[in-house]
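Taking it in order: structure first as structure tokens, then the write-up.
The values are calculated or read from the model by the stated rules, or taken from the named source; none is laboratory data. Treat the numbers as computed from the prediction; the structure is a model and nothing was measured. With ideal geometry, Cβ positions are generated from the backbone for all residues, glycine too; neighbour counts draw on all protein chains shown. Accessible surface areas use protein heavy atoms only, side chains included; no ligands, DNA or RNA. Shrake-Rupley method; radii C 1.70, N 1.55, O 1.52, S 1.80 Å.
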Amino acid sequence: MASLKYWLWLANLPGVGNIVKLALLDRFEEPDAVFYADREAYLHTEGITQEIADALENKSLDRANEVLGDCDRLGIRIITIRDSGYPARLRNIYDPPLLLYIQGRMPLFDEEVAVTMVGTRGASLYAQQAAERLAFQLAGLGAIVVSGLAKGGDAAAHRGALRSGGLTAAVIAGGHDVIYPAENGQLYADIAARGVIVSEYPPGTNHSGRHFPVRNRILSGLSLATVVIEAPARSGALITADRALDQGRDVFAIPGHLWDENCAGSNRLLRDGAGVITDVWDILRHYADQYPGRIRTAHGKEPTRYGGEEPPPKPEKKAKEKEKAPELPELDLGKDNGLTDDQMNILRVLSGRTMQVDDIIDETQIPARRVLSALTVLEIDGHVAQSAGKRFALAVTLIGG
């Protein structure tokens, strides 16, 4: 495997965007091979312009060595996109970061029910109370609460998770040694000691405004679902929700006051089909069966919004005759049906099964952006159907092919 200094050279190279860096890795396979390639080889890579080739000819490793020294001094670990500790959920999004700077205990996100909670920095008292209580319940029942360590709803979510004794992860938009906002200094320390702080930015990086929208794809990419606590019509929380939808994740929102501008964006999400949260189980019911043993419930029963247990259902007086499942239309894969190779491969993998997007990506080995595109077309054409938890199943019977 390539030395970490070459990863740091590529990740921190100015003038080269993340998508281009990923394309270079696809072509040259290792960052040291990118480092030692010549200009002509660069220009044969998709997306490389003369200006980007100029940037790639900067072969100085001074910045990489500086970052290595800073991380060693601050106790920050670095994991690359090729490392086993890098979450597959994040690796499979359209534009995953090349590497992550980690402080604290990195959980195995792929094996856990992780829920991202985001909201406006100017959150109302109601929103902060709701965020802290919901995070307390989520983490207390075994979920990982992910948020952005901003003031307002984010900070409340982290506090609630820590108060429960559960696990919380903070994804920040700058270096670990640059506390932002300053008022969250103690919260930083508590999360680093009892959870994990994640960034794609090296130590010393300021929390620039342009970093926050970029950071949001990691917030949603680490989790199964994103919860919008409270958001006005224009809000970074809505950007995170959009990223979650692009990544095939679930989106939920807490209902807000009808005429409060702070709730206009989150209420619009509900209007457009986001899951409504009235209690913690509105979220966890979608994932408890998929991740057995990860979610705790009171005496094995679903918690209710009132903190007790749902009463058992009353027995029906007369058993109803089981309805016969309707027959599905046939789709012949052996004929010219206008399907692409990606679409047909996905249909074959789904045969007789219900699967999440990440599992489809793993089995087909098709890049995440192509799987999401193919699933969208297949759903529009009525060949697949989507159910709760972003699970997909065939809506046709496959024949031929």
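Data for the structure
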quantity: Positions within the stretch 57-81 being touching a strand residue (DSSP E or B) at 6+ places or on another chain (Cβ under 8 Å) and basic (Lys, Arg), in sequence order; calculated: Arg77
quantity: Checking Gly160 against (1) open to solvent by less than 20 Å² (accessible area, probe 1.4 Å); (2) within 20 Å of the chain's Cα centre (by Cα), the condition it does not meet; calculated: (2)
quantity: Filter result for Pro107 (open to solvent by less than 60 Å² (accessible area, probe 1.4 Å) and not in a helix (DSSP H, G or I)); calculated: yes
quantity: Failed item, numbered, when Val214 is tested on (1) open to solvent by 10 Å² or more (accessible area, probe 1.4 Å); (2) in contact with a strand residue (DSSP E or B) (Cβ under 8 Å, 6 or more places away or on another chain); (3) under 30 Å from Asn65 (Cα atoms); calculated: (2)
quantity: Test: residue in the stretch 139-155 that is buried (at least 22 other Cβ atoms within 10 Å of the Cβ), touching a Phe, Trp or Tyr at 6+ places or on another chain (Cβ under 6 Å) and not aliphatic (A, V, I, L, M); calculated: no
quantity: Residues (hydrophobic (A, V, I, L, M, F, W, C) and either farther than 19 Å from Asn206 by Cα or free of Cβ contacts under 8 Å to residues at least 24 places away in the same chain (or both)) located in the stretch 174-196; calculated: Ile179, Ala182, Ala189, Ile191, Ala193, Val196
quantity: Asn58 being in contact (Cβ under 8 Å) with a residue 24 or more places away in the chain, over 18 Å from Leu99 (Cβ atoms) and open to solvent by 30 Å² or more (accessible area, probe 1.4 Å); calculated: yes
quantity: Qualifying residue in the stretch 87-95 (condition: open to solvent by 50 Å² or more (accessible area, probe 1.4 Å), modelled with pLDDT of 90 or more, under 27 Å from the mean Cα position of the chain (by Cα) and of a type in the set (A, V, I, L, M, F, W, C)); calculated: no
quantity: Of all residues in the stretch 343-400 being part of a strand (DSSP E or B), out of contact with any Phe, Trp or Tyr (no Cβ under 9 Å at 6 or more places or on another chain) and not β-branched (Val, Ile, Thr), the one that is modelled with the lowest pLDDT; calculated: Ser387
quantity: Residues within the stretch 241-267 that are of a type in the set (A, V, I, L, M), open to solvent by 80 Å² or more (accessible area, probe 1.4 Å) and either in contact with a strand residue (DSSP E or B) (Cβ under 6 Å, 6 or more places away or on another chain) or under 24 Å from Gln386 (Cβ atoms) (or both), tallied; calculated: 1
